[in-house]
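First up is the structure itself, then whatever we jot down about it.
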Amino acid sequence: MKNIVLTSALIASAMIAAPTFAAPAKLAVCAACHGQDGNSPIPGYPTLAGKDKAYLVEQLNAFKNDTRADAVIPNNMNNQAKALSDADIDELSAHFSAQAPK
Ligand code: HEC
């Protein structure tokens with residue numbers, strides 16, 4: 001009985017810990033301009049931290065489909081988004097929306 005309780009506690013803590021350590025695969029590319037935590041280090045580059053996940057998914061798809069043009073660096077975000085799968089977009093949007101804006 002004691003072992004079962006201990007095992008379940010370990011499984012539960014592993015499940016809680018997982019999302020904290022799993023950084024999106026493509027995060028390093030975005031981090032150069034938007035910061036690892038979505039707080040952009042570059043003036044004029046938008047902060048993504050804390051923005052609504054659905055909003056971020058929508059913007060990345062709009063860049064990908066060319067329905068939104070990059071107004072700051074021509075074509076940059078369009079090319080960035082074209083390199084992302086639906087799963088990447090979902091993962092990156094979840095990551096940035098979960099960060100605290102500074
Ligand atoms: C070379 C710099 C650069 C890189 C790399 C880059 N971005 Fe961007 N991103 C920008 C700039 C500049 C804008 C603003 C474009 C505009 O307003 O037209 C932007 C806009 C965005 C927006 C829209 C934000 C808003 O508030 O509407 C999202 C979402 C975004 N980027 C996500 C990403 C993701 C995800 C990655 C990585 C796959 C990435 N960016 C890589 C520079 C970059």
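Computed quantities for the displayed model
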| read-out | value |
| --- | --- |
| Scope region 57-79; condition near the ligand (Cβ under 8 Å from one of its atoms) and either part of a helix (DSSP H, G or I) or under 17 Å from GLU91 (Cα atoms) (or both); matching residues | GLN59, LEU60, PHE63, ASN76, MET77 |
| Selected residue (criterion: nearest to LEU92 (Cα to Cα)) from residues of region 27-40 that are within 6 Å of the ligand (Cβ to nearest atom) and buried (at least 17 other Cβ atoms within 10 Å of the Cβ) | CYS30 |
| Residues satisfying the stated conditions in region 41-51, i.e. among the small types (Gly, Ala, Ser) and within 8 Å of the ligand (Cβ to nearest atom) | GLY44 |
| Unique match (being part of a loop (DSSP other than H, G, I, E, B), more than 7 Å from the ligand (Cβ to nearest atom) and either surrounded by fewer than 14 Cβ atoms within 10 Å (Cβ to Cβ) or touching a residue at least 12 places away in the same chain (Cβ under 8 Å) (or both)) among ALA23, ALA54, ALA94 | ALA23 |
| Hits in region 79-91 (condition: crowded, with 18+ Cβ neighbours inside 10 Å and over 12 Å from the mean Cα position of the chain (by Cα)) | GLN80, ALA81 |
| Selection count, region 26-41, where residues are assigned to a loop (DSSP other than H, G, I, E, B), over 17 Å from SER85 (Cα atoms) and modelled with pLDDT of 95 or more | 6 |
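The values are calculated or read from the model by the stated rules, or taken from the named source; none is laboratory data. All figures in this text were calculated on a predicted structure; none of them were measured in a lab. Backbone-built Cβ (ideal geometry, glycine too); neighbour counts: all protein chains shown.
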